[in-house]
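Asks: Sharing a structure, written as structure tokens. Questions coming.
The values are calculated or read from the model by the stated rules, or taken from the named source; none is laboratory data. Treat the numbers as computed from the prediction; the structure is a model and nothing was measured. In this analysis, Cβ positions are derived from the backbone assuming ideal geometry, glycine residues included, and neighbour counts consider all displayed protein chains.
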Amino acid sequence: MKELKADIRNKDFKRIYLLYGEERFLVEHYAKSIREAAVDPGMEQMNVEVFAGKTGDVNAAIEAAEAMAFMSDYRMVVMNDTGLFTAGRKDDSEKLAAFLPDIPDTTIILCLETGVDRRGRLYKKATEHGRAIEFKRVPEKDLTGWLDKIFAKEGKKLSPRAAQLLIGNTAGDMQLLYNEVQKLVAYSSGNTIEASDAEAVCVKSLETRIFDLVAAVGNKDSRRALEIFNNMLLMKESPIMVLAMIARQLRLILQCKHLSGKHAPGEVAAVLGLRGFMVSDYLRQSRNFTEDGLIAALKSTLDADFCIKTGKVGDKLAVEMLILVLAGVV
């Protein structure tokens, strides 16, 4: 990361950059930083070409990379989510790998991917001729520090409880967090962002709303659970998506409950690939369920899915009936 920042600061670029990983916000942030530093302002239309998706033409991308920069020190070829660094496009990957040693000094190839195969020839060539940087999910403590810095630039301070609510409501997604920060800065008239500000302005992610729904079910509050579900429908969420998310939530609660008997919460988070605050929340919810009850609840989600797919019950009614079953009403 230090090397990438130095490249941007000094405007001394490698011929290829591969930015990848789960934290898409950081991938896009550094891609933008490279682009703004490398291509002269006003010359982007003449010097930046984008090839996106798994149908992107590699031959056209190579041809674009061979062209000369126009009234700019560099031209840039952006290859976005092409799948070239994973299995499935072997011939195209080989073409690009063979071209990398011959990239002109005035061209930067910028590859943005979610996942890569580090064993592949293209990945190895990219690291040989440029930089490959993975952006993993940012730990909760680092997210809090990042939020503090953003608010400090605006002359504001973030209370610990407000920070916790922000991270929880967005499931730690940095893009969602950034969007909520902008709303809070515009909304708050005081110097300190309080929890009440976050509750008044911020929109909960689908994952957080599912968490609230399952919490209501666990508390046997079917009225509240149905209210949350109907609010999700008003926000154009698909009942089938809600069903899938309920099943996922129950599965994670079961996994956390089972693993907590043998491992500390931090170890459970590492095993399941979850943030620490999420494991704490799942363990808190697990107190409302036995392991056998969670297994039965998961079976009920499968039954609901089967009824929908076979046309026995409409998707909305199926989820409503599932909620009543899980809450012990029927």
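Asks: Taking the criterion of being of a type outside the set (S, T, N, Q), under 22 Å from Asn169 (Cβ atoms) and in contact with a Phe, Trp or Tyr (Cβ under 7 Å, 6 or more places away or on another chain), would at least one residue in segment 258-280 satisfy it?
Replies: No: segment 258-280 contains no residue that is of a type outside the set (S, T, N, Q), under 22 Å from Asn169 (Cβ atoms) and in contact with a Phe, Trp or Tyr (Cβ under 7 Å, 6 or more places away or on another chain).
Asks: Return a yes/no flag: does segment 270-285 have any residue that is in contact (Cβ under 8 Å) with a residue 12 or more places away in the chain, closer than 17 Å to Ala327 by Cα and buried (at least 16 other Cβ atoms within 10 Å of the Cβ).
Replies: There is at least one residue in segment 270-285 that is in contact (Cβ under 8 Å) with a residue 12 or more places away in the chain, closer than 17 Å to Ala327 by Cα and buried (at least 16 other Cβ atoms within 10 Å of the Cβ).
Asks: Quick one: count up the residues across segment 40-83 that are of a type in the set (Val, Ile, Thr) and exposed (fewer than 15 other Cβ atoms within 10 Å of the Cβ).
Replies: Total satisfying the criteria: 2.
Asks: What residue, of Arg251, Arg209, Arg224, is under 16 Å from Val319 (Cα atoms), at pLDDT 90 or above and not aliphatic (A, V, I, L, M)?
Replies: Result of the check over Arg251, Arg209, Arg224: Arg224.
Asks: Which pairs turn up if I take residues in segment 1-30 that are of a type in the set (Gly, Ala, Ser) and look for partners that are at pLDDT 90 or above with beta carbon separation below 7 Å, at least 6 apart in sequence or on another chain?
Replies: Close Cβ pairs satisfying both conditions: Gly21/Val27; Gly21/Glu134; Gly21/Phe135.
Asks: Inside segment 167-197, can you point out the residues that are closer than 23 Å to Glu23 by Cα, among the aliphatic types (A, V, I, L, M), part of a helix (DSSP H, G or I) and touching a Ser or Thr at 6+ places or on another chain (Cβ under 9 Å)?
Replies: Within segment 167-197, Ile167, Leu176, Leu177 meet the criteria.
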